[in-house]
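Visitor: Just passing along the structure, written as structure tokens.
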Amino acid sequence: MSAGAIHDLSSDPRQGERSVDVLIIGSGCAGATAARALARAGREVLVLEEGGDLTGQKLTQRDGRMYDQLYQDRGGRMTSDLTMAVLQGRVLGGSAVINASDVVPLSDEVLRFWQRKHGLTDYSVEHLEPHRHQALADLRATPIPEEQVNRANRLLREGAAKIGAKGEVMLNNRVGCQGLGTCLIGCPIGAKQNPRVVAIPDALAAGATFLCRARAVRIDDASAELKRVSVRVLDANGYHEVGGFTVRARVVIMAASAVNSTQLVLRSGLGNQHAGKHLSLQPQLGIVARFREQVTPFRGIPQAYAVTEGERFDDERGLWGFRVEAIMGTPGIIASLLPRLGAEVMGAMAAYPQLAASLVLVPDEPSGTVGLTKAGRVRIDYEHKDNHKERLREGAKLAARCYLAAGAYEVEVPMHRPVVVTSERDLALIDAIPFEPCTAPLMSAHQQGGLRMAASEAEGACAQNGLLYGTRDVYCFDAALYPSSSSSHTQAPILATASFLSERLLAKG
Amino acid sequence: MDAFSFLRRRTFLKLGIAGLAGLGAAGGALWSMRGQAPAVAGLKVLDGHRFATMKAIAEAQLPLESAAVTSDHLARMFDGFLQGEHDENVADLATALLLVEFGPLIFEGRFVTFSHLALEDRRRHWRGWMESELALRRQVALAFRKFLHVVFFDDPKVWPAIGYPGPSLWGMPAEEPTP
């Protein structure tokens, strides 16, 4: 077996037609896992990645260039009403390159819920167990060491302890972390054990080929033995299409994310009535606390501690409640969340070293859709349900109480008209937040659904083995399959289910 | 609930343009309010009028009076950013700039354009966009605020004022390459 390779097509956009056994679209947790499993089994594997290959010093730790290069739509992807930022990676290795390195495994409860509520009988705890184990092994998942819990995270923990709220230091997938603090724009020292560091090197060793700056735009002949996938080559920055070619493949695996795999199905005119529906965005609301002391939040692990007091499981809706998780970002991204103007901007950011921040994360009902604009670009619509808003308020109040207990002199929900809390008496201000469109710093980092799997075609867009109904050997292996929130952080679940689906595909022959 | 929240961004922008055209037909003098398009060398996407509007937004949004970063630089960064954007977004943002420029007329009935407002008046008017009851005015303000804040605070010249020592590894380049 000869080793595979990574090619950046932007330097050579004139490509001829290719034929391959297995074509995988997307190189993140799902695509890289599948590539490794299938290549190791001797299958000829080609992986397309829209982004570039950025590692080491190419990860500059600077907002402007990194959001431009590492995120979908250059960091500007939003729901159609601009209410929620939709954060997704666009780089070799996928969203795990730019996540906060949290590991929250696919739980027994979720699997049993999927079996009971959605009829996913194949997804038993027993069937998934070796794959969940493999996922944690790939991630080198370990608890964050106490000495790496920075002051911003400790403040949240101290506050939670003072008010008696339950919480935990999270599992993470870092090895050799130096506390650079820029996890959300990539780790230049490669401490994150993401697909670029683990599964992709394994897949390369097993002979898989990865093409960067290669965007799959359409699948034709989806019911034929050989599928025809149209690919556009992007320029070196990934801005514009500069060439194109066709790949013929016997098996096509979509692993481009919940949103992008769904977009590809819709652009190709494939999928049944469920395609594009049941999208979960798992909204997150930013909260900022100001302290008199130096917090230096921009150094160390940004997200180490979570208040889990509000998290629960609902028999009818699955993962429910809310979590409060510490977070921090580089100056540009923090400033972009603060609704200030003129001198107020510098006033607010002058306190950057004394800030602590959190995200309230709400596992939601799948109330969104993926569609297409007239130009064929992604359009995400999302119904922000009252129960989401209520849980965001509850989470914001809990975060405020924690920070006040920890000594914050004020806590802000950075609404378009900032809501500032200085004592428990002010918490009613948070109760009054209406969450009108485009008024709150809402974001989504864990999109799921869009091509929901189900036991029958009447209930979902894909079968339990990931097969897109109505096609022959066109599969989805990513979070688009999930019928409900798989976890508060999706990388471990995606690794596990992609491993499971790869095994099933190989068993099929 | 905002009375206009049923409107989508593109619909709003189209209606805004239609409204502008109607006003223009009725008013005649509307377009002359902007004055002569300033000649600006080196622009890649924006015309002189829109470049001036973007500079005016930057001056309203950020405390540039006391900063080492200029509105000219920020507007050029925006122009460079547009060069890499999809046509659909470029068209939306260009329309948004036009609406902002005529905001004082459309939303306050004043015969003056945004970039001709005195700075404090412009900031007061721009806050009206940020805090508007009309969702789509908030959307326009949010889009420009996000861009400007990211670019401004990514500039090492700004970091000393906010106590940020910069990235912790290597000697990062002093400035981002201009797009």
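Visitor: Is one or more of the residues making up the range A:159-179 open to solvent by 50 Å² or more (accessible area, probe 1.4 Å) and in a helix (DSSP H, G or I)?
Guide: Looking through the range A:159-179, at least one residue is open to solvent by 50 Å² or more (accessible area, probe 1.4 Å) and in a helix (DSSP H, G or I).
Visitor: A follow-up question, please. Checking the structure you have, find out if any residue of the range B:72-79 is in contact with a helix residue (DSSP H, G or I) (Cβ under 8 Å, 6 or more places away or on another chain), more than 27 Å from residue A:79 (Cα to Cα) and at the interface with chain A (Cβ under 10 Å from one of its Cβ atoms).
Guide: Taking every residue of the range B:72-79 in turn, none turns out to be in contact with a helix residue (DSSP H, G or I) (Cβ under 8 Å, 6 or more places away or on another chain), more than 27 Å from residue A:79 (Cα to Cα) and at the interface with chain A (Cβ under 10 Å from one of its Cβ atoms).
Visitor: Looking at residue A:184, is it under 24 Å from residue A:25 (Cα atoms) and within 14 Å of chain B (Cβ to nearest Cβ)? Explain how you work it out, then say what you get.
Guide: Values: under 24 Å from residue A:25 (Cα atoms): yes; within 14 Å of chain B (Cβ to nearest Cβ): yes.
In short, yes.
Visitor: Can I ask one more? Which is out of contact with any Cys (no Cβ under 9 Å at 6 or more places or on another chain), at pLDDT 95 or above and buried (at least 24 other Cβ atoms within 10 Å of the Cβ), of A:400, A:479? Break it down into steps so the answer makes sense when it comes.
Guide: Working: A:479 fails: out of contact with any Cys (no Cβ under 9 Å at 6 or more places or on another chain).
The unique qualifying residue is A:400.
Visitor: Determine the pairs where a residue that is at pLDDT below 95, located within the range A:228-248, has a partner that is open to solvent by 50 Å² or more (accessible area, probe 1.4 Å) with Cβ atoms under 8 Å apart, the partner being 6 or more residues away or on another chain.
Guide: none
Visitor: Given the criterion in contact (Cβ under 8 Å) with a residue 40 or more places away in the chain, open to solvent by 40 Å² or more (accessible area, probe 1.4 Å), more than 8 Å from chain A (Cβ to nearest Cβ) and over 21 Å from residue A:418 (Cα atoms), identify the matching residue among B:52, B:68, B:94, B:118.
Guide: Of B:52, B:68, B:94, B:118, the one residue that is in contact (Cβ under 8 Å) with a residue 40 or more places away in the chain, open to solvent by 40 Å² or more (accessible area, probe 1.4 Å), more than 8 Å from chain A (Cβ to nearest Cβ) and over 21 Å from residue A:418 (Cα atoms) is B:68.
Visitor: Can you tell which of A:8, A:63, A:21 is of a type outside the set (Lys, Arg), away from chain B (no Cβ under 13 Å) and under 30 Å from residue B:82 (Cβ atoms)? First the steps, then the outcome.
Guide: Numbers: A:63 fails: away from chain B (no Cβ under 13 Å); A:21 fails: under 30 Å from residue B:82 (Cβ atoms).
Within the list A:8, A:63, A:21, the selection yields A:8.
Visitor: Still on this structure: Does residue B:145 fit the bill of being among the basic types (Lys, Arg), more than 8 Å from every other protein chain (Cβ to nearest Cβ) and crowded, with 16+ Cβ neighbours inside 10 Å?
Guide: No, not satisfied.
Visitor: Now, a different point. Determine whether residue A:342 is within 9 Å of another protein chain (Cβ to nearest Cβ), in contact with a Lys or Arg (Cβ under 6 Å, 6 or more places away or on another chain) and open to solvent by less than 10 Å² (accessible area, probe 1.4 Å). Show your work before the answer.
Guide: Details: within 9 Å of another protein chain (Cβ to nearest Cβ): yes; in contact with a Lys or Arg (Cβ under 6 Å, 6 or more places away or on another chain): yes; open to solvent by less than 10 Å² (accessible area, probe 1.4 Å): yes.
Taking the combined requirement at face value, the residue satisfies it.
Visitor: Consider residue A:73 carefully, then state whether it is charged (D, E, K, R), open to solvent by 20 Å² or more (accessible area, probe 1.4 Å) and away from every other protein chain (no Cβ under 14 Å).
Guide: For residue A:73, the condition - charged (D, E, K, R), open to solvent by 20 Å² or more (accessible area, probe 1.4 Å) and away from every other protein chain (no Cβ under 14 Å) - is not met.
Visitor: Also, quick follow-up: Is there a residue in the range B:149-167 that is over 30 Å from residue A:182 (Cβ atoms), facing chain A (nearest Cβ under 9 Å) and open to solvent by 20 Å² or more (accessible area, probe 1.4 Å)?
Guide: no
Visitor: Sticking with this one: How many residues, within the range A:100-142, are open to solvent by less than 50 Å² (accessible area, probe 1.4 Å), within 28 Å of residue A:87 (Cβ to Cβ) and charged (D, E, K, R)?
Guide: So the count comes out to 3.
The values are calculated or read from the model by the stated rules, or taken from the named source; none is laboratory data. The shown structure was predicted, so the numbers you read here are calculated from the model rather than taken from an experiment. As a convention, Cβ positions derive from the backbone with ideal geometry for all residues, glycine included, and neighbour counts pool all protein chains shown. Heavy atoms of the whole protein, side chains included, go into the accessibility calculation; ligands, DNA and RNA do not. Shrake-Rupley method; radii C 1.70, N 1.55, O 1.52, S 1.80 Å.
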